1. Taking the stretch 191-214 as the region of interest, how many residues are buried (at least 23 other Cβ atoms within 10 Å of the Cβ) and either among the hydroxyl-bearing types (Ser, Thr, Tyr) or not assigned by TED's automatic domain parsing to the domain that holds residue 163 (or both)?
2. Hey, among the residues in the stretch 276-297 that are surrounded by fewer than 18 Cβ atoms within 10 Å (Cβ to Cβ) and at pLDDT 95 or above, which one's farthest from residue 148 (Cα to Cα)?
3. Looking at the stretch 108-124 only, could you name the residues that are more than 20 Å from residue 284 (Cα to Cα), free of Cβ contacts under 8 Å to residues at least 60 places away in the same chain and surrounded by fewer than 21 Cβ atoms within 10 Å (Cβ to Cβ)?
4. Quick check on my filter: what residues within the stretch 314-341 are among the hydrophobic types (A, V, I, L, M, F, W, C) and closer than 30 Å to residue 367 by Cα?
5. Looking only at residues that are polar (S, T, N, Q) and more than 23 Å from residue 12 (Cβ to Cβ) in the stretch 224-275, which one is farthest from the chain's Cα centre (by Cα)?
6. Among the residues of the stretch 286-298, write down those that are without any contact (Cβ under 8 Å) to a residue 12 or more places away in the chain and charged (D, E, K, R).
Amino acid sequence: MDAPFIPQANPGASFRNRREALLRAATETLDGGWYINGKQVRQFEERFAAFCAAKHAVGVGNGTDAIELALRGLGIGEGDLVFTVSHTAVATVAAVECAGATPVLVDVDPATCTMSPKSLAKALEAAGRGRYSGRPAAVLPVHLYGCCADLDAILDVAQGLPLIEDCAQAHGAVYKGRPAGSVGVAGTFSFYPTKNLGTFGDGGCVVTSDDTLADRLHSLREYGWRDRYLSAEPGINTRLDELHAAFLNVLLPGLPSKNARRRAIAALYERELAGLPGLVLPSVPNTVEPVYHLYVVRHDQRDGLQKRLREKGVGTAVHYPCPVHLQEAYKGRVLLAPDGLPVTEALAPRVLSLPMYPELSDADALTVAAAVRDCLTPLTGERA
């Protein structure tokens, strides 16, 4: 009998793990008869703000809307430049354009794969000249794979620009003792089902300690209303559903232990995979307490490794197969740092995400590691 397939992600396991509590929360919410911006949303916003060491949390429909609203809440739009990265989910860049601003994509650090302060500095120096005409308006680093970007170094070169943290992969990560989302003027989160804190559909949130920004975000997420049916400014409809908020209220208390489990799995992988030929393991600075949303290794023969692992019953994924600036929708249209994005482009054909989720057993994680070891032997002598 073949061994069960081990998936790269398993959001269904999260549901099964808390099935009774989640179904009870759903029944209570549905029986309550209030389905939009009710007590579940208010309760979650209060709890998640506290979790992130922020004064406010504003629930929205998804993580993309969270970034767009944070930018719009700061008055950022047409003619403004927002500096972010290309090695990210396309949602980061799409959100900048949804706000009407122009993305300027900078390179990433070769060790952490997060925003390079040096590349950012060069892009900021070029701002206002030639193709870079526009007002530098914000910096949007991505906390990738559950590891925080080097925020202090980024702030040092940001010239006082607002810092918005894309925390879609960093629920509970800590940078120099500060929770992800609490360092910048705002932090944006996604609650997509595979996230460290994920619901069973779409959901998102903006956290901030800026009272004025929070007030504006509450208005913008619901048509720009200050009073019901009366729009003070143009807004959009992007609300966190009451039902998803109820699920998140059940799941939030368990997030620290689930993140700890992810770190334990990462430690197991590191122990079992260290020293394998050509395999580069994740690098985490000692300033960061990561949460391993993904466990991403690198290898020059990535595609061959992925194929062989699947044959052995191990699921993997590629985050991300093509940098945003090379995708058809954005090629030649977004602005790039003056020196280009050589590190970003070198990462794309090499990165591979191994199975990583809290319900992954030690036995299955050891199976994954053994499969990687077995696969790398024939790959070592194989031509690219």
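The values are calculated or read from the model by the stated rules, or taken from the named source; none is laboratory data. On a predicted model such as this, the values are computed, not experimentally measured, just so you know. We place every Cβ from the backbone using ideal geometry, glycine too, and count neighbours over all the protein chains shown.
1. Number satisfying all stated conditions: 2.
2. Going residue by residue through the stretch 276-297, those that are surrounded by fewer than 18 Cβ atoms within 10 Å (Cβ to Cβ) are 277-278, 280-281, 283, 285-287.
Narrowing the set further to residues that are at pLDDT 95 or above leaves 278, 280-281, 283, 285-287.
Numbers: 278: 25, 280: 19, 281: 17, 283: 11, 285: 9, 286: 11, 287: 9 Å.
Of everything passing the filter in the stretch 276-297, 278 is farthest from residue 148 (Cα to Cα).
3. Initial filter on the stretch 108-124 (more than 20 Å from residue 284 (Cα to Cα)): 120-124.
Filter once more, so that each one left must be free of Cβ contacts under 8 Å to residues at least 60 places away in the same chain: 121, 124.
121, the sole residue that qualifies.
4. Kept after step one, since they are among the hydrophobic types (A, V, I, L, M, F, W, C), are these residues of the stretch 314-341: 314, 317-318, 322, 324, 326, 329, 334-337, 341.
The answer is 314, 317, 318, 322.
5. Looking at the filtered set, the residue picked out is 231.
6. Quick first cut of the stretch 286-298, residues without any contact (Cβ under 8 Å) to a residue 12 or more places away in the chain only: 286.
Passing the criteria: none in range.
Listed here are the residues, each with its yes/no results for (1) part of a strand (DSSP E or B); (2) within 26 Å of residue 152 (Cβ to Cβ); (3) more than 19 Å from the chain's Cα centre (by Cα); (4) in contact (Cβ under 8 Å) with a residue 24 or more places away in the chain.
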position: 277; (1), (2), (3), (4): no, no, yes, yes
position: 284; (1), (2), (3), (4): no, yes, no, yes
position: 300; (1), (2), (3), (4): no, no, yes, yes
position: 321; (1), (2), (3), (4): no, no, no, yes
position: 325; (1), (2), (3), (4): no, no, no, yes
position: 330; (1), (2), (3), (4): no, no, yes, yes
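Yes or no, residue by residue, for (1) out of contact with any Lys or Arg (no Cβ under 6 Å at 6 or more places or on another chain); (2) among the polar types (S, T, N, Q); (3) crowded, with 20+ Cβ neighbours inside 10 Å; (4) outside any loop (DSSP other than H, G, I, E, B):
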position	(1), (2), (3), (4)
23	yes, no, no, yes
29	yes, yes, yes, yes
41	yes, no, yes, yes
53	yes, no, no, no
57	yes, no, yes, yes
65	yes, no, yes, yes
70	yes, no, yes, yes
